[in-house]
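Below you'll find the structure, written out as structure tokens, and then a few comments.
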Amino acid sequence: MTNDAAPVIETTDLSKRFGSVLAVDRLSLRVERGGVFGLLGSNGSGKTTTIGMLLGLVEPSGGSIHLFGNAQPGVRPADLHRIGAIVETPSFYPYLSGRDNLRYFQGISGRSVAGEVDRLLDLVELAPSAGRKFSTYSLGMKQRLGVAYALLGDPDLVFLDEPTNGLDPAGVAEVRELVKALGEDGRTVVLSSHMLAEVEQVCQRVAIISRGRLLAQGLVEDLVRSQGVMRLRTNDDHRASSVLTASPFAHDVSLDGTGILVRTDEEPWMLTRLLAEHGVYVAEMTPVQTTLEQYFLEVTGESGIGSDSTATQTGDAA
Amino acid sequence: MNIVARSTAWEWFKLRRRWMPWILLIVVVLFSQLGVWPAYFGYNELGRGGQVTMVSSGQFGGPGEQRPISVECADVMAEPPRVADLDPALVPGLRVQCAEVTKRAAEQLPIAYANFTLPGSIGQAMTTASALGSILIAVLAASTVGVEYSWGTLRTVLVRGTGRWQYLAGKIAVLLLAALAALIVVVGVTAVSSLVAQSLVEAPAGYVAPGWGDALGAIGRAWFGFVPMIALVVLLTVLTSSTAMGMAIGIGYTIAEPLIMLLVGQLSDRVTVVTDYLLAANINGWTGGGAAAFGAAGGLSSLHHFIVLSLYTVVFVALAAWLIESRDVTKATGT
């Protein structure tokens, strides 16, 4: 029995131990139906193991998984019929053509839809190369075939693990648009990536995993704003700085030559009222927008998420 | 469609697009003809009446020198003998020998004729095909299962919701079908060969062709001989997640078992009781029709071999299914 209002994925204290290594540690994830959900973490953080457990490939050591609001925990073949996934580098049969690979995977799942293979090959722009053997494909072509494979059977839930690996910039942009479109047509896409700029552009919600543990999850805009850093320009920045430093609801106050940076958990008007009460008037007050990468680095305490990270740095970084 | 049937159908789709099964088929077909054409040439030799050899002092040599002489019986029996420089005193003795050889040849001619003509040639071809075929089917079984691990495609398949044991069952079913198809091709080629050979010679007088039932029995016997081998190699490949290991251990075991038992047998007679229940011994016994072939569990009935091999098959398949069901499926192993 399923509940359409329930999260499409809900894990409770999900754990996986490989010998002495705890790969996933009491992970409680909640992925709502529809949209693109980002699963972020550096290499070895437990993303792929988590996806493996959600796909029934890896047996959890503890905790539970509920898919599609099922009352009973676990991953059943019927659940997998509603899921499409590429995990890490797509693996296909090298001696079969791209088209025959898709035909095979469509056929073995018993979800054949007339014309679907050609439509998907068109979608990922592999139609001209569909008759070539998979072994002759470039990495980018393999990735595109992987995306087509994940969409076989019109799944409700799609896992895409690093889908833009090996793609040229144009290919990355195309896949990004495709992922966005998939999330907008009612299905749920779980995008696992360490390309944080990419994730920030296409995901509405993210979960950040490090060393197998969930560090944060929620709406992207909430996470990047949650730091509450504001930039102020006043008629007397030095006095404003003193007033704010003495205030219980203003933190990390600093002067950077162009104004004051301050972090607060309260509503911004409380800062302006406080300053006004001390005779300081605010000329300008803007929230400092951080990037997802900055947020990621802060919560994980890591120096970088991956060597090929292309997250852009904003000039007004806090 | 049933999941196992669907898995089998799509495994067949993949299998026939690979080079390997076709190459193995060509090898087994060519090898199987060793059961036909040598029999044909042997029959012709017998038809010529054979040769006799005797040691004669001085004949064809210097005084006091002894050396063997071989002469064609047809030449000896001719009147006068068509052997140059033959000591006339030797002719009666040679003729007695030739008469014996000719009598024996006359008895063997129908058997030799049956070996390369239909339907007897089918049995010959099945015997030779099953000897090499068990190694070739082991290669195919290890490759069919092992590449899913080495290429990482097992994960890609299972994500589609194909049940694990059902997928393995499909693999085994397609291997059994491939083995049967190969034997059918061998039968077809053998039939053509036999008809060609049959058209080149006369049947011996009073020849009565054996029944087709024996030929069908030989096909069934050869095919079932492959079944425990497939099960063993599938189990080993799943266990090691490796084509190379599955192939090497499976083939290595079937070769090593008779050799080891032969050596151990020298130490104790009791070991023969163990041999009666060993895998390779029973495969050899089964494919040899219960005959005491090298390494076979000799003197046992076909029913014994059938039961023992069936039990091995069930155990191997059950273990392989349990392993694939219970293990995590991670990235490509590359071996």
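The values are calculated or read from the model by the stated rules, or taken from the named source; none is laboratory data. Just so it is clear, the structure is predicted and the values come from calculations on it, not from any experiment. We place every Cβ from the backbone using ideal geometry, glycine too, and count neighbours over all the protein chains shown.
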Per the filter on the range A:11-41, residues among the β-branched types (Val, Ile, Thr) and out of contact with any helix residue (DSSP H, G or I) (no Cβ under 9 Å at 6 or more places or on another chain) are A:THR12, A:VAL21, A:VAL31
Among the residues of the range A:94-109, count how many are facing chain B (nearest Cβ under 9 Å) and of a type in the set (D, E, K, R).
2
Kindly evaluate A:GLY38 against the criterion of being assigned by TED's automatic domain parsing to the domain that holds A:LEU57 and in a strand (DSSP E or B).
yes
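So, in the range B:178-234, of the ones that are β-branched (Val, Ile, Thr) and in contact with a Phe, Trp or Tyr (Cβ under 8 Å, 6 or more places away or on another chain), which residue ends up farthest from B:GLU45 (Cα to Cα)?
Going residue by residue through the range B:178-234, those that are β-branched (Val, Ile, Thr) are B:184-187, B:189-190, B:192, B:196, B:201, B:208, B:219, B:227, B:230, B:233-234.
Still in the running and in contact with a Phe, Trp or Tyr (Cβ under 8 Å, 6 or more places away or on another chain): B:201, B:234.
Values: B:VAL201: 12, B:VAL234: 45 Å.
Taking the candidates together, the pick is B:VAL234.
Select from the range A:64-79 the residues that are in contact with a strand residue (DSSP E or B) (Cβ under 9 Å, 6 or more places away or on another chain) and under 26 Å from B:VAL147 (Cα atoms) and write down the one among them that is surrounded by the fewest Cβ atoms within 10 Å (Cβ to Cβ).
At the first step, the residues of the range A:64-79 found to be in contact with a strand residue (DSSP E or B) (Cβ under 9 Å, 6 or more places away or on another chain) are A:64-69, A:72-76, A:79.
Among the residues that remain, those that are also under 26 Å from B:VAL147 (Cα atoms) are: A:75-76.
Working: A:VAL75: 20, A:ARG76: 13.
This residue is A:ARG76.
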Checking the conditions here, which among B:VAL208, B:VAL233 is in contact (Cβ under 8 Å) with a residue 40 or more places away in the chain, hydrophobic (A, V, I, L, M, F, W, C) and more than 30 Å from B:LYS14 (Cβ to Cβ)?
B:VAL208
Considering each of A:VAL206, A:VAL224, A:VAL158 in turn, give the residue that is in contact (Cβ under 8 Å) with a residue 24 or more places away in the chain, more than 30 Å from A:HIS278 (Cα to Cα) and in a helix (DSSP H, G or I).
A:VAL224
Given B:LEU183, B:LEU195, B:LEU239, which one is in a helix (DSSP H, G or I), under 23 Å from the mean Cα position of the chain (by Cα) and farther than 15 Å from B:VAL28 by Cβ?
B:LEU195
With respect to B:VAL145, is the statement that it is within 13 Å of chain A (Cβ to nearest Cβ), within 26 Å of A:PRO90 (Cα to Cα) and among the aliphatic types (A, V, I, L, M) true?
no
Failed item in (1) of a type in the set (A, V, I, L, M); (2) away from every other protein chain (no Cβ under 13 Å); (3) within 29 Å of B:SER143 (Cα to Cα), with A:LEU80 passing the rest:
(2)
Quick one: in the range A:280-318, of everything that is among the small types (Gly, Ala, Ser) and in contact with an Asp or Glu (Cβ under 8 Å, 6 or more places away or on another chain), which residue is modelled with the highest pLDDT?
A:SER309
Screening A:LEU271, A:LEU232, A:LEU244, A:LEU182 for residues that are crowded, with 19+ Cβ neighbours inside 10 Å and assigned to a strand (DSSP E or B) leaves only A:LEU232
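Can you name the residue in the range B:8-43 that is among the β-branched types (Val, Ile, Thr) and in contact with a helix residue (DSSP H, G or I) (Cβ under 6 Å, 6 or more places away or on another chain) and, of all such residues, is surrounded by the fewest Cβ atoms within 10 Å (Cβ to Cβ)?
Step one: of the range B:8-43, the residues among the β-branched types (Val, Ile, Thr) are B:8, B:23, B:26-29, B:36.
Then drop every residue that is not in contact with a helix residue (DSSP H, G or I) (Cβ under 6 Å, 6 or more places away or on another chain), which leaves B:8, B:28-29, B:36.
Numbers: B:THR8: 23, B:VAL28: 25, B:VAL29: 18, B:VAL36: 25.
Among them, the one singled out is B:VAL29.
Determine, yes or no, whether B:ALA129 is surrounded by 24 or more Cβ atoms within 10 Å (Cβ to Cβ) and part of a helix (DSSP H, G or I).
Values: surrounded by 24 or more Cβ atoms within 10 Å (Cβ to Cβ): yes; part of a helix (DSSP H, G or I): yes.
Considered against the rule, which asks whether it is surrounded by 24 or more Cβ atoms within 10 Å (Cβ to Cβ) and part of a helix (DSSP H, G or I), B:ALA129 comes out as yes.
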Considering (1) part of a helix (DSSP H, G or I); (2) among the aliphatic types (A, V, I, L, M); (3) touching a helix residue (DSSP H, G or I) at 6+ places or on another chain (Cβ under 6 Å), say which one B:LEU177 fails and leave the rest.
(3)
Filter the range A:133-155 down to residues that are away from chain B (no Cβ under 14 Å) and part of a helix (DSSP H, G or I) and give me whichever is nearest to A:ASP118 (Cα to Cα).
A:ARG144
Would you mention how many residues in the range B:150-193 are surrounded by fewer than 20 Cβ atoms within 10 Å (Cβ to Cβ) and more than 14 Å from chain A (Cβ to nearest Cβ)?
10
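Looking at the structure I just gave you, is B:THR117 among the hydroxyl-bearing types (Ser, Thr, Tyr), within 40 Å of the chain's Cα centre (by Cα) and buried (at least 20 other Cβ atoms within 10 Å of the Cβ)?
Working: among the hydroxyl-bearing types (Ser, Thr, Tyr): yes; within 40 Å of the chain's Cα centre (by Cα): yes; buried (at least 20 other Cβ atoms within 10 Å of the Cβ): yes.
Yes.
Give the residues of the range A:64-76 that are of a type in the set (A, V, I, L, M) and away from chain B (no Cβ under 14 Å), sorted by residue number. Working first, answer last.
To start, the set of residues in the range A:64-76 that are of a type in the set (A, V, I, L, M) comprises A:65, A:67, A:71, A:75.
Across the range A:64-76, the qualifying residues are A:ILE65, A:ALA71.
Between A:SER61, A:SER112, A:SER91, which is touching a helix residue (DSSP H, G or I) at 6+ places or on another chain (Cβ under 7 Å), surrounded by fewer than 18 Cβ atoms within 10 Å (Cβ to Cβ) and within 14 Å of chain B (Cβ to nearest Cβ)? Give the steps one after another, and end with the answer.
Numbers: A:SER61 fails: touching a helix residue (DSSP H, G or I) at 6+ places or on another chain (Cβ under 7 Å); A:SER91 fails: surrounded by fewer than 18 Cβ atoms within 10 Å (Cβ to Cβ).
A:SER112 is the lone residue from the list that is touching a helix residue (DSSP H, G or I) at 6+ places or on another chain (Cβ under 7 Å), surrounded by fewer than 18 Cβ atoms within 10 Å (Cβ to Cβ) and within 14 Å of chain B (Cβ to nearest Cβ).
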